[in-house]
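The values are calculated or read from the model by the stated rules, or taken from the named source; none is laboratory data. Here the structure is a predicted model, which is why all the values come from computation and not from measurement. Please note: Cβ atoms are built from the backbone with ideal geometry, for glycine as well, and neighbour counts cover all protein chains shown. Side chains included, ligands, DNA and RNA excluded: accessible areas come from the protein's heavy atoms. Shrake-Rupley method; radii C 1.70, N 1.55, O 1.52, S 1.80 Å.
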Amino acid sequence: MPPPPAPSPNTTLIPNIEVGLPYLRTGTPADRFKALRQKIINAAGFDFLSIFGDMMRHKNFQTSEAGVANKSRHKCGDAFDYNQGDPRLVVIKDLRDGVTYFRTYLRCEKQDGTQGELMAPNGGSPKFYCDFTSIAEAFGWHRIRAQRGWPNVWKKREFWHYQLTEGYTFDQGMQLLYGDASAVPLAPELPTVKLNDRDDETVFHNSRHVRQVQAQLYVLKLLQPLKEVDGVFGPKTQAAVSAFQQTKGITPTGIADTDTRRKLLEAVL
Ligand SMILES: [Zn+2]
């Protein structure tokens, strides 16, 4: 069946996926989605990002269903809901400052040590898993918190939702797709982050630039353990940035400037 028509000229068709509206906003969201999809194929051994609960939603989509926002990033074309029915998924609760998030791991197709890392995220005997959440964050996709009331309402868990907003508000995102895109100030793609910077995770549409840098360093094994990926640029992150810069022959400033960030992104591809 041919895909449905593009909802906006500023969207890109995502090929060979199962979802009602297989489009993402053209530019960074669509590009990074493709990169993430390929990375997960390599890391987990299967095309996890080929089936979705949801991807893009039409601009007039409305619902009164609990846990589904009418001002959803899905309308902006910079969010996806992965396939929560995949039997290889392991999802664990991740409490941060009293806020509930979830982490996602994928049981690797090959269990011979050529894919993933040996771990037991859910207890039991260790198996080789791909750390989906860290890899997604390294590409700039970030998860969102579970909504209040999540233990009683499945839709509020949101562990399947990842977004890459570039920092655009909902209204800006809609304008990029359906209004005068030139009137929206261009978001810096890889802005500098440095010591004492921190992500403001209380704002839904904010990018998580510190976390992205930390997740990249974590995936590259320059920043450990996982709890260091916390959205707060401290001395350990600074030292890890310096270590990365040294491997690339750049002056080790410990500042993740745009050039360093470009190289970090290339390194995790
Ligand atoms: Zn969603």
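Of all residues in the range 73-119, those that are part of a strand (DSSP E or B) and either within 22 Å of Asn152 (Cβ to Cβ) or touching a residue at least 12 places away in the same chain (Cβ under 8 Å) (or both) total 23. Taking Cys108, is it at pLDDT 95 or above, within 16 Å of the ligand (Cβ to nearest atom), assigned by TED's automatic domain parsing to the domain that holds Tyr23 and surrounded by 20 or more Cβ atoms within 10 Å (Cβ to Cβ)? No; evaluated as a whole, the condition is false for this residue.
Listed here are the helices (runs of 4 or more DSSP H) enclosed by the range 194-269 that have at least 3 residues being charged (D, E, K, R): 258-268.
Looking across the range 157-177, just one residue is among the hydroxyl-bearing types (Ser, Thr, Tyr), within 17 Å of Met55 (Cβ to Cβ) and either open to solvent by 50 Å² or more (accessible area, probe 1.4 Å) or assigned to a loop (DSSP other than H, G, I, E, B) (or both), and that is Thr165. Cβ separations smaller than 7 Å between residues 6+ apart or across chains give the following pairs from the range 38-66 residues that are within 30 Å of Leu118 (Cβ to Cβ) to residues that are open to solvent by 60 Å² or more (accessible area, probe 1.4 Å) and not in a loop (DSSP other than H, G, I, E, B): Ser50/Glu18; Ile51/Glu18; Phe52/Glu18. Inside the range 83-97, residues that are closer than 21 Å to Gly149 by Cα and in contact with a strand residue (DSSP E or B) (Cβ under 7 Å, 6 or more places away or on another chain) make up a count of 5.
Name the single residue that is farthest from the ligand (Cβ to nearest atom) among those in the range 38-63 being assigned to a strand (DSSP E or B) and open to solvent by less than 50 Å² (accessible area, probe 1.4 Å). Only one residue fits best here, namely Phe52. For Arg198, the criteria (1) modelled with pLDDT under 95; (2) over 21 Å from Leu36 (Cβ atoms) hold in every case but one, which is (1).
Of the residues making up the range 78-105, those that are within 12 Å of the ligand (Cβ to nearest atom) and small (Gly, Ala, Ser) number 1. Within the range 191-205, the only residue that satisfies the criterion of being open to solvent by less than 40 Å² (accessible area, probe 1.4 Å) and more than 18 Å from Pro252 (Cα to Cα) is Asp199. If I filter the range 183-195 for residues that are among the hydroxyl-bearing types (Ser, Thr, Tyr) and over 16 Å from the mean Cα position of the chain (by Cα), do I get at least one hit? Checking the range 183-195: at least one residue is among the hydroxyl-bearing types (Ser, Thr, Tyr) and over 16 Å from the mean Cα position of the chain (by Cα).
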